[in-house]
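Only one structure is covered here, and it is reproduced in the block below.
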Amino acid sequence: MGPFTARRTTGLLIAALVVGVDQVSKILASQGELTGGFVPRNPEYAFGIVGGSAPALIACAVLVLAAFLVVADVLAMRFGISVVTPALVAGGTIGNTLDRIRLGSVRDFLVTPWAIVNLADFAVAAGVIGLAIALATRMPKLRAQQLATTSAR
């Protein structure tokens, strides 16, 4: 299978859209359009669970994203999972990584009861949750099909 299938192209477009919306929202927040001008910066990773230098976090994000995309591509093809879920994760990860590259930290401006986040964080969370739900619903069906095929032989 070639690298530029319609499925992968769709995923790239969705990821690019997520990056674009994320970056525009952060610019608007920084200009006070969304937050009144105050935009905290988060030097840590994964809702403050993982810390480290910006270069180390950037390298880690790139490596984890690359591994995730390889695994997600296999899962998507094997289990028929929508390209949207890995694209949301990729777009959100790239959006926050761009902040780390340019600013050394991530701009967070949406206050929730649990953390201050940004649209990229929501995209990553939605993608991971969507992927987990898709796998949880498809795996039992595929196992049942495999058992039926095996017992029919």
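The values are calculated or read from the model by the stated rules, or taken from the named source; none is laboratory data. Note that the coordinates shown come from a computational prediction; the quantities given were computed from them, not determined experimentally. Glycine gets a Cβ as well: all are built from the backbone with ideal geometry, and neighbour counts include every protein chain shown.
Assorted remarks:
- Qualifying position, being modelled with pLDDT under 90, of a type outside the set (S, T, N, Q) and more than 11 Å from the chain's Cα centre (by Cα), among Ile133, Ile58: Ile58
Conditions (1) farther than 30 Å from Ala54 by Cβ; (2) without any contact (Cβ under 8 Å) to a residue 12 or more places away in the chain; (3) in contact with a Leu (Cβ under 9 Å, 6 or more places away or on another chain); (4) in a helix (DSSP H, G or I), marked per residue:
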position: Leu98; (1), (2), (3), (4): no, no, no, yes
position: Trp114; (1), (2), (3), (4): no, no, no, no
position: Phe122; (1), (2), (3), (4): no, no, yes, yes
position: Ile129; (1), (2), (3), (4): no, yes, no, yes
position: Arg138; (1), (2), (3), (4): yes, no, no, yes
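- Region 103-153, residues that are farther than 16 Å from Ser82 by Cβ, loosely packed, with under 11 Cβ neighbours inside 10 Å and either in contact with a Pro (Cβ under 7 Å, 6 or more places away or on another chain) or not hydroxyl-bearing (Ser, Thr, Tyr) (or both): Pro113, Trp114, Pro140, Arg143, Ala144, Gln145, Gln146, Leu147, Ala148, Ala152, Arg153
- Residue within region 62-75 that is of a type in the set (Asp, Glu), farther than 24 Å from Gln23 by Cα and either touching a residue at least 24 places away in the same chain (Cβ under 8 Å) or surrounded by fewer than 19 Cβ atoms within 10 Å (Cβ to Cβ) (or both) present: yes
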